[in-house]
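Worksheet: one structure, shown below.
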Amino acid sequence: MAVLGFIGICGVLRTTNSPAPRAVQWVAAALAVAALAAASLAIFNVGRVAYPVIDAADGASAVPSAGQAAARLRAGIRLTIVAVILAVIAALSGWWPAQASTAAVAVTSSSGQAWCGPLVNGPAGAISVRTGNGVITVPAQAIAQVRPVTQCP
């Protein structure tokens, strides 16, 4: 539980502005819940060995034998490892690569003409910009200024 808490406090499991696809986010959430369930079950298994339950009705003790206690402790350790692995896999979605930016640029030619739009692939020695009228290719010699803009007018 401490490892899961540490991962949560560090903010590894992000919920906002994640570049990961929605399906990956849902799988990560399911894995995080499964990690929490596995960690809780591990604590329960170890706790049954550390603090055996005594039935108040008949006074019988549920103290496990040495073999049962060892098996429960091993199961608790295995479940803890499974919980950590699930949490790590869930956290990997936070490092999903962001998509390439499609920010626009404003290109001004030496003759004073201006175009605005995202850059596209074009011929060597020129800049190609997708505008509302189609793709415009401006030779490098004719460019006076290229500047990034957040939005085209």
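Evaluate the following for P123: is it modelled with pLDDT under 90 and not hydrophobic (A, V, I, L, M, F, W, C)?
On the way: modelled with pLDDT under 90: no; not hydrophobic (A, V, I, L, M, F, W, C): yes.
No, not satisfied.
Could you pull out the residue among A114, A90 that is aliphatic (A, V, I, L, M) and more than 30 Å from the chain's Cα centre (by Cα)?
On the way: A90 fails: more than 30 Å from the chain's Cα centre (by Cα).
Result of the check over A114, A90: A114.
Let's see how each residue does on (1) more than 30 Å from P21 (Cβ to Cβ); (2) in the same structural domain as R48 (by TED's automatic domain parsing):
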residue	(1), (2)
G67	yes, yes
A75	yes, yes
V82	no, yes
A87	no, yes
S109	yes, no
A114	yes, no
V120	no, no
V129	no, no
N133	yes, no
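Inspect all residues belonging to segment 90-98 and state whether any of them is in contact with a Ser or Thr (Cβ under 8 Å, 6 or more places away or on another chain) and assigned to a helix (DSSP H, G or I). Let's see the steps before the verdict.
So the first thing to find is which residues in segment 90-98 are in contact with a Ser or Thr (Cβ under 8 Å, 6 or more places away or on another chain), and the list is 93-94, 96.
The next check asks that each one be assigned to a helix (DSSP H, G or I); those that pass are 93-94.
Yes, segment 90-98 has at least one match.
Tell me whether segment 106-119 contains one or more residues that are at pLDDT below 90 and hydrophobic (A, V, I, L, M, F, W, C).
So far as segment 106-119 goes, yes, one or more of its residues are at pLDDT below 90 and hydrophobic (A, V, I, L, M, F, W, C).
Inspect segment 70-81 for any residue being farther than 30 Å from M1 by Cα and either part of a helix (DSSP H, G or I) or modelled with pLDDT under 90 (or both) and give the result as yes or no.
no
The values are calculated or read from the model by the stated rules, or taken from the named source; none is laboratory data. What you see is a predicted model, and the numbers here were worked out from it, not measured in a lab. Backbone-built Cβ (ideal geometry, glycine too); neighbour counts: all protein chains shown.
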